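The values are calculated or read from the model by the stated rules, or taken from the named source; none is laboratory data. It should be emphasised that the depicted structure is a prediction, and the values quoted were computed from it without experimental measurement. Here the Cβ positions follow ideal geometry from the backbone for every residue, glycine too, while neighbour counts run over all protein chains shown. Ligands, DNA and RNA are excluded from the accessible area calculation, which covers all protein heavy atoms including side chains. Shrake-Rupley method; radii C 1.70, N 1.55, O 1.52, S 1.80 Å.
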Amino acid sequence: MALKEFQAESKRLMDLMINSIYTHKEIFLRELISNASDAIDKLYYRGFQEGQTGLSREDFFIRIDLDKEARTLTVTDNGIGMTREELDNNLGVIAKSGSLQFKKENEKTDGVDIIGQFGVGFYSAFMVSSQVVVESRAFGSEEAWTWRSSGLEGYEIVPGSKEGHGTTITLTIKPDGDEENYSDFLEQHHVGQLVKRYSDYIRYPIKMEMKKSKLKEGTGTDGKDPEYETYFETETLNSMTPIWKKAKSGVTDEDLNRFYQEKFFDWQDPLRTIRTSTEGAATYSALLFIPKNAPMDYYTREFEKGLQLYASGVLIMDKCADLLPDCFSFVKGLVDSQDLSLNISREMLQHDRQLKLIAGRLEKKIAGELKSMLENDREKYEEFWKSFGLQIKYGIYDNYGAKKDELKDLALFMSSEGDKPVTLKEYVDRMKEGQACIYYGCGESVQRVLSLPQAEALKEKGYELLCLTDNVDEFALRILEKYQDKEFKNISSEGLDLQSEEEKERAKELSADNKDLLEAMGKALEGKVKEVKLSASLKSHAACISTEGMISTEMEKVLNSMPAREKIQAQRVLELNPGHPVFERLRALASSDPEKLKLYAEILYGQALLIEGVAIEDPADFAQKVCSVL
């Protein structure tokens, strides 16, 4: 019989499909198994509709056979099979799918999942084979037909001799090349691994005859050397029932922990397991895990977020990034849905409405679980926060604070009250009467923050101080702006405003009386500070650095640590403590030794920078100036 040409726009389409669409050649086995599962589903549904009680799910199977010598891999099912016309229509026309047509004609296919909705999955077989032979006999038909093709040149359909309904697809595996070891697809161990990875949850048993060995009877005892004999045993390669589809009462915590460790390669149990499923606009089941510890590469560019995505139990994507927002990128797990639209390769998910609905619901579910953990199991939440709190704070700041309202109540910060982190709500709930702002300070550690000169005034007032020690902290609070109408206030910024009216008036008088001194020191520090002024907030320290404007000292440090960025400098102000003995010395020098006043100004400025955690431009010069005073 003469070959028939494929009815496609061009042979180039098939060439592209075979060589370019799929990233991994091993996908072909998943596609063939999915098609076999579809064929069985169709027959089961047909029997259900027509009242043919002789059909039972337990009777169906998918079988894989390997023949190394002939270099063939065969996939057989006892599903609905195909007539000659169906072979011609479904396999002769690229991108025409019998599964899709079946689904359109049977909108209410309860209990039947049709996986293959675009007809090109079958053609992935040509990635690994030089010839594909399809033998099929339609259910209820007396005739069998054989479809045969070696690729681009076309195909032929001839009468066949298959006994019983169903389809058998035989691939002649290509010879090995310089870069491809096609013989792997003839190894039972490798094929078993592929089935386990991609098709473990197909609802029908996937069987394969496994070659094994056992001790030959009468050997290995009584001084006789052990001898082994080979035998074959048919095994079911897939588990068939996904753990996420089992009733919660039938799955123990140990089952879930073991599944998590094996599936996601973690030696520890997860900190929390989240099971959720919905029906309606987006029907799906999800099994999510919050790890105890962050992976080694979590806070690097190499880390890839994403959930495994299944369509009716078939793995479609190993890491679907679109299902998780960046703020929850630490979550591991999987989603299984039968509603997702897939593009022609089944590897690349089309970003459709269902996917966005699922992603939105998962985000709310994860946020709700974290809030529940915070409220009901604080110790476990604090353990979570040590590993992933930084990501939550990045999430508050990211994308101009798009998710700040959802995340702000999940954030924890250390404070001047004890050694346990606090939420913003806890801070506000215990604010002192008359306290107008939420005060915070920045530093490398809690101790460094508490040692800031301005922190003394807060302590005297009995105000709690949030201690920000991560680079992103202040950026996150700036994005929030307020919490329960309480503004955030950096104690190192201008206008701390902790003085009484009497203290403010006294400071004004002192500033007027020492105008010449302040101007002289400002001139000595020209280019380094915007001005020098007196402060009524300082207690034991002689001086401190504060900033004006949007950029604080801490933000300056963070921004300047980024590569390839123009250097930024905050508008610094040197504040002096008029009650400190050093101030009296400054007043004396203002009239007696202007040059030494300049030296004192530079020393006080350098000292204030060090206390603030800012590196001095010339440490050696600063040391010399200190020595000259000593």
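Would you mind telling me which numbered condition in (1) in contact with a Cys (Cβ under 9 Å, 6 or more places away or on another chain); (2) at positive phi Gly333 fails?
Among (1) in contact with a Cys (Cβ under 9 Å, 6 or more places away or on another chain); (2) at positive phi, the lone unmet condition for Gly333 is (1).
Which numbered condition trips up Leu518, out of (1) in contact with a Ser or Thr (Cβ under 9 Å, 6 or more places away or on another chain); (2) under 22 Å from Gly434 (Cα atoms)?
(2)
Which strands (runs of 3 or more DSSP E) does region 124-171 wholly contain that include 1 or more residues that are among the acidic types (Asp, Glu) and within 18 Å of Asn35 (Cβ to Cβ)?
Once the strands (runs of 3 or more DSSP E) in region 124-171 are filtered for at least 1 residues that are among the acidic types (Asp, Glu) and within 18 Å of Asn35 (Cβ to Cβ), what remains is 129-137.
So which of Thr172, Thr241, Thr252, Thr234 is open to solvent by 60 Å² or more (accessible area, probe 1.4 Å), of a type in the set (Val, Ile, Thr), modelled with pLDDT of 90 or more and within 27 Å of Ala125 (Cα to Cα)?
Checking each option against the conditions leaves just Thr234.
Are there any pairs with C-beta distances below 9 angstrom linking a residue in region 220-243 that is without any contact (Cβ under 8 Å) to a residue 24 or more places away in the chain to a residue that is acidic (Asp, Glu) and assigned to a loop (DSSP other than H, G, I, E, B), with the two at least 6 apart or on different chains, and if so which?
Gly220/Glu227; Glu229/Glu217
Looking at (1) touching a residue at least 40 places away in the same chain (Cβ under 8 Å); (2) among the hydrophobic types (A, V, I, L, M, F, W, C); (3) open to solvent by less than 60 Å² (accessible area, probe 1.4 Å), which is the one condition that is false for Leu152?
(3)
Every residue in region 560-600 that is surrounded by fewer than 12 Cβ atoms within 10 Å (Cβ to Cβ), in a helix (DSSP H, G or I) and among the charged types (D, E, K, R), please.
Correct list: Glu584, Glu595.
With the condition being under 30 Å from Ala543 (Cβ atoms) and open to solvent by 10 Å² or more (accessible area, probe 1.4 Å), I'd like the helices (runs of 4 or more DSSP H) fully within region 371-467 carrying at least 1 qualifying residues.
Fully inside region 371-467 and qualifying: 446-450, 453-461.
Going through region 182-219 one residue at a time, which ones are in a loop (DSSP other than H, G, I, E, B) and in contact with a strand residue (DSSP E or B) (Cβ under 9 Å, 6 or more places away or on another chain)?
Scanning region 182-219 gives Glu187, Ser199, Asp200, Tyr201, Ile202, Tyr204, Pro205, Lys216, Glu217, Thr219.
Can you tell me which residue in region 23-70 is modelled with the highest pLDDT, limited to those that are of a type in the set (Lys, Arg) and under 22 Å from Gln338 (Cβ atoms)?
Step one: list which residues in region 23-70 are of a type in the set (Lys, Arg), which gives 25, 30, 42, 46, 57, 63, 68.
Subsequent filtering for residues that are under 22 Å from Gln338 (Cβ atoms) retains 30, 42, 46, 57.
Details: Arg30: 89, Lys42: 86, Arg46: 79, Arg57: 73.
Once the filter is applied, the top-ranked residue is Arg30.
Tell me, which residue of region 100-148 that is among the polar types (S, T, N, Q) and within 33 Å of the chain's Cα centre (by Cα) is modelled with the lowest pLDDT?
Residue satisfying both the conditions and the ranking: Gln117.
Using the structure shown, decide if Lys263 is more than 20 Å from Lys380 (Cβ to Cβ) and under 23 Å from the mean Cα position of the chain (by Cα). Before the answer, list the steps.
Numbers: more than 20 Å from Lys380 (Cβ to Cβ): yes; under 23 Å from the mean Cα position of the chain (by Cα): yes.
Judged against the criteria, Lys263 is a match.
Out of the residues in region 294-336 that are buried (at least 16 other Cβ atoms within 10 Å of the Cβ) and polar (S, T, N, Q), state the one that is nearest to Ser37 (Cα to Cα).
Here the residue is Ser312.
Being open to solvent by 30 Å² or more (accessible area, probe 1.4 Å), acidic (Asp, Glu) and either in contact (Cβ under 8 Å) with a residue 12 or more places away in the chain or in contact with a Leu (Cβ under 8 Å, 6 or more places away or on another chain) (or both) is the filter here, so list the residues in region 255-271 that pass it.
Asp255, Asp269
Sort out which residues of region 367-384 are under 16 Å from the mean Cα position of the chain (by Cα) and closer than 17 Å to Asn293 by Cα, and write them in order of number.
Leu370, Phe384, listed by residue number.
Per-residue answers, yes or no, for (1) of a type outside the set (D, E, K, R); (2) at pLDDT below 90; (3) over 22 Å from Glu509 (Cα atoms):
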site: Cys544; (1), (2), (3): yes, no, no
site: Met555; (1), (2), (3): yes, no, yes
site: Val573; (1), (2), (3): yes, no, no
site: Pro594; (1), (2), (3): yes, yes, yes
site: Leu599; (1), (2), (3): yes, no, yes
site: Val614; (1), (2), (3): yes, yes, yes
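Would you check if Lys557 is in contact with a Gly (Cβ under 8 Å, 6 or more places away or on another chain) and either of a type in the set (Asp, Glu) or open to solvent by 50 Å² or more (accessible area, probe 1.4 Å) (or both)?
Yes: the conditions hold for Lys557.
Could you give every pair whose Cβ atoms fall below 7 Å, whose first residue belongs to region 500-528 and is within 20 Å of Ala588 (Cα to Cα) and touching a residue at least 40 places away in the same chain (Cβ under 8 Å), and whose second residue is among the aromatic types (Phe, Trp, Tyr) and part of a helix (DSSP H, G or I), counting only separations of at least 6 or pairs across chains?
Taking only residues 6 or more apart or on different chains, the pairs are Leu525/Tyr605.
Answer yes or no as to whether Glu229 is open to solvent by 70 Å² or more (accessible area, probe 1.4 Å), out of contact with any helix residue (DSSP H, G or I) (no Cβ under 6 Å at 6 or more places or on another chain) and not in a helix (DSSP H, G or I).
no
Identify all residues within region 474-507 that are aliphatic (A, V, I, L, M) and not in a loop (DSSP other than H, G, I, E, B); write none if there are none.
Narrowing region 474-507 to residues aliphatic (A, V, I, L, M): 476-477, 479-480, 491, 496, 498, 507.
Answer for region 474-507, where residues must be aliphatic (A, V, I, L, M) and not in a loop (DSSP other than H, G, I, E, B): Ala476, Leu477, Ile479, Leu480, Ala507.
If I ask for residues that are touching a residue at least 40 places away in the same chain (Cβ under 8 Å) and more than 14 Å from Gly81 (Cβ to Cβ), which ones from region 158-174 would you list?
The answer is Val158, Thr170, Leu171, Thr172, Ile173, Lys174.
Kindly provide the set of residues from region 521-554 that are part of a loop (DSSP other than H, G, I, E, B), open to solvent by 10 Å² or more (accessible area, probe 1.4 Å) and closer than 18 Å to Leu599 by Cβ, ordered by number.
Of everything in region 521-554, those that are part of a loop (DSSP other than H, G, I, E, B), open to solvent by 10 Å² or more (accessible area, probe 1.4 Å) and closer than 18 Å to Leu599 by Cβ turn out to be Gly527, Lys528, Ala542.
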